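Novice: Sending over a structure as structure tokens; questions will come in a sec.
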Amino acid sequence: MWLFTFATLLPAALLICASVTGGWLVLAAVLAITVFTWSLDKLTPTAPNPDAEFPTGDGLSVTLGLLHLPMLALAVWAIGGVSGLGLWERLGLLIGYGLFFGQIGHPNAHELIHRPGRWLRRLGKLVYSSLLIGHHVSAHPLVHHIHVGTDRDPSSAPRGQSVWYFAPHWWRGAFREGLIAENKRRKGRRFWQHPYLHYSLIAALTLLSTALFGAGPAFALITVCCYAQLQMILSDYVQHYGLRRAIRENGKPEPVGPQHSWNTPHRYSSAMMLNAPRHSDHHLNPTRPYPGLRLEAAMPRLPYALPTMAVVALWPALWRRIMHPRLDALTPQ
């Protein structure tokens, strides 16, 4: 677990210190999630044998989950409050916190909502709701995992769709389909037990608690949350782009297989994202703890690490130039 711990807590520690002191630590925090991660991926490109990664990882997940609200409050204060930081320092922290919540906080919350323990799932719900995207807690397991690789999944981008067209569809579609799925599942239950009510209340409380301190903190919260959500959008876009499940004669899609998600073997960025880049195994075994996720030969692989491919996806022409030949190679002739 040492690599998971180091890769996730180093950016957290740097961001916390940078929020208080500013200066060169702001640059160090941003570089830790970007250039430093890219460099270590180059030095250690191959993922280790998963047989050696047996812990459940719950301790680290709980630690990151408990750090989330204090770090979100610190981000709002440092970026939009009376922190005394300069403009470039605030902008740097906006980038750093947006990347942290999107590339570390999101994979961790994703792990928590898949854990069997009720309190772990509630902690994941708190993280997502405070990032103003609580509906992901419902849409991810009830829609994405069931309909992945089909037109019914808002989180699976078909071939040729740019990330900029995908983004609003991802947000609206997941909200709507998650709500429909929850309404069906909870038909006849009391309205105050509805999870969408809980998501909305937590989000409203988060917004209100920042707005009480002025427009600056409220704007900082919304901006950081939007940036974190962009990381989530890019992650889903990259990990499922163009991979579709075949439709059988009975009109139903084939079972989810290892060929329906893109993966990367890069060791350090995988550790920082709690093995989210081992995405095929997660869909095949949704409750398997992240340290034990496997990467096998039959699983499609991206040419670069997941964070790098997310940057490439921002330029649709370059993205298609890189990805379409790889899609063609996966398609039976």
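Novice: Can you list residues whose amide H is under 5 Å from R301's amide H, if they're 5+ apart or on another chain and H is modeled 1.01 Å from N?
Specialist: The list, which skips near neighbours in sequence, is N263.
Novice: Could you give the longest part of the chain that holds none of the GluC sites (Glu not before Pro) found in DSSP loops with at most 13 neighbouring Cβ atoms within 10 Å?
Specialist: 1-248
Novice: Once the principal axes of the Cα atoms of the range 246-333 are found, what is the range along each, listed largest first in whole angstroms?
Specialist: Answer, in whole Å and largest first: 43, 36, 21 Å.
Novice: While we're looking at this one, here's another question. Full-extension gain between W164 and L205, please, as 0.36 nm times their residue separation minus the C-alpha to C-alpha distance.
Specialist: Once the chain is fully extended between W164 and L205, it gains 11.8 nm.
Novice: While we're looking at this one, here's another question. Where Lys and Arg each count +1 and Asp and Glu each count -1, what net charge lies around P168 among other residues with Cβ under 15 Å from its Cβ?
Specialist: Combined, the nearby Lys, Arg, Asp and Glu give 0.
Novice: Compute the distance from the alpha-carbon center of the range 271-311 to that of the range 149-212, in whole Å.
Specialist: Each part's Cα centre sits 24 Å from the other's.
Novice: Treating the beta-carbon of each Lys and Arg as +1 and of each Asp and Glu as -1, no other charges, what is the dipole magnitude of the range 2-330 about its Cα centre, to the nearest 20 debye?
Specialist: 940
Novice: On to the next question. Kindly put L302, L179, L131 in sequence by how many other C-beta atoms sit within 10 Å of each C-beta, fewest to most.
Specialist: L179, L302, L131
Novice: How big is the chain along each principal axis, measuring the range of its Cα positions in Å and listing the largest first?
Specialist: Principal axes ranked by extent give 63, 55, 41 Å for the Cα atoms.
Novice: Let me ask you something else. Please report T264, T308, T206 as a ranked list, fewest other C-beta atoms within 10 angstrom at the top and most at the bottom.
Specialist: T308, T206, T264
Laboratory data are not the source of any read-out in this text; all were calculated from the coordinates shown. The structure presented is a predicted model; accordingly, all values stated were derived computationally and were not measured. Note that we place each Cβ from the backbone using ideal geometry, even for glycine, and neighbour counts take in every protein chain shown.
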